Amino acid sequence: MSGAEWYHISTSAKDLIRKLMKLHPHERLSIKEAMQHPWVNNITSSDLSNSMGSFSDNFRSKTALDKKV
């Protein structure tokens, strides 16, 4: 999780994503564990806004590129 698209994503959010994206299901967090993760419990509206803003900007850039190809 490196590169420009991850620059504004918090360390805690990256930690949650890593724990949810495990290849083997028995290694992944359960929904209950995910809901108890510090990022979920400590997220502020500005954190969410920043994360979603970065995601939507990247999505729009990719969509625009796909249309040109």
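Tabulated values for the structure
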quantity	calculated
Per-peptide average of other Cβ atoms within 10 Å, ordering 10-18, 23-31 highest first	10-18, 23-31
Loop-resident sites, the range 1-47, for chymotrypsin sites (Phe, Trp or Tyr not before Pro), counting at most 15 other Cβ within 10 Å (DSSP)	Y7
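Each value in this text was obtained by applying a stated rule to the coordinates, not by laboratory testing. Source: prediction; values computed, not measured. In this analysis, Cβ positions are derived from the backbone assuming ideal geometry, glycine residues included, and neighbour counts consider all displayed protein chains.
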